[in-house]
Amino acid sequence: MLGLYAFGAHPVAVVMFLMLMGGALGPVFMTTQNAMLHYAPGRTDIALAANSGAYNAGIAAGAALGGLVLPLADVRSAFLAGGLLTVGSCAVLLGGRLLGERRCSERSTRR
């Protein structure tokens with residue numbers, strides 16, 4: 001999305017970034033499904049329903065964010081907002097994972 005913001009005036013670059021973004025959607029959904037099944041092995045039907053619901057809620061939230069940004073700025077700014085939100089989300093996920101690993105290692109050294 002940040003690439004679409006940065007190179008939005010170049011049609012070839014736009015097509016390439018759209019292909020990259022579209023190609024990433026399938027693996028992301030499958031990865032989240034795998035994680036849901038890993039953490040909820042007993043009730044897979046509920047875990048898969050929760051994953052689908054969260055995925056659709058994310059799409060709705062992105063559309064709402066775009067609807068709020070578009071009247072205030074241009075289309076490229078909507079991609080900037082989405083890209084920055086994605087980078088922030090990745091930072092939160094990575095930080096949570098690193099903190100979780102640190103807590104697990106602290107627990108194992110205490111015993």
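The values are calculated or read from the model by the stated rules, or taken from the named source; none is laboratory data. Predicted model only: the values in this text are computed from it and were never measured. Please note: Cβ atoms are built from the backbone with ideal geometry, for glycine as well, and neighbour counts cover all protein chains shown. What goes into the accessible areas is simple: the full protein's heavy atoms, side chains included, and nothing from ligands, DNA or RNA. Shrake-Rupley method; radii C 1.70, N 1.55, O 1.52, S 1.80 Å.
Structure summary
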{"item": "Computed [θ] at 222 nm, deg cm²/dmol, the chain (DSSP H ≥ 4; -39,500 (n - 2.57); rounded to nearest 500)", "result": "-30500 deg cm²/dmol"}
{"item": "Neighbourhood charge, 14 Å Cβ-Cβ cut-off, centred on Gly8 and excluding it, Lys, Arg +1 and Asp, Glu -1", "result": "0"}
{"item": "Taking the chain and dividing mean pair separation by its residue count, relative contact order in percent (alpha carbons under 8 Å, at least six apart)", "result": "30 percent"}
{"item": "Table column - 3J(HN,Hα) (Hz), the stretch 61-67, Karplus curve with 6.51, -1.76, 1.60, x for Gly and Pro", "result": "5, x, 5, 5, 4, x, x"}
{"item": "Average accessible area per residue (Å²) across the chain - probe 1.4 Å, nucleic acids and ligands excluded", "result": "75 Å²"}
{"item": "Which of Gly67, Leu80, Ser52, positive extreme of dipole for the chain (C-beta unit charges)", "result": "Ser52"}
{"item": "Two-site FRET efficiency, Ala73 against Met19, from Cβ-Cβ distance with R₀ of 35 Å, rounded to 0.05", "result": "0.90"}
{"item": "Listed candidates (1) 1.37; (2) 1.28; (3) 1.13 - label of the one calculated as Cα Rg over 2.2 N^0.38 Å", "result": "(1)"}
{"item": "Degrees, to the nearest 10: 11-39 long Cα axis against longest axis of the chain", "result": "20 degrees"}
{"item": "Separation in nanometres of the label points that stand 7 Å from Cα toward Cβ, at Ala6 and Asp45", "result": "4.7 nm"}
{"item": "Carbon and sulfur %, accessible surface of the stretch 13-111 computed with the full protein complex present, 1.4 Å", "result": "71 percent"}
{"item": "Among 27-33, 4-10, the order from most to least packed when residues are scored by Cβ within 10 Å on average", "result": "4-10, 27-33"}
{"item": "Rounded to the nearest 20 debye, dipole of the chain from Cβ charges on Lys, Arg, Asp, Glu", "result": "580 debye"}
{"item": "Backbone N within the stretch 44-82 under 15 Å of label point (7 Å from Ser89 Cα along the Cβ vector)", "result": "51-67, 79-82"}
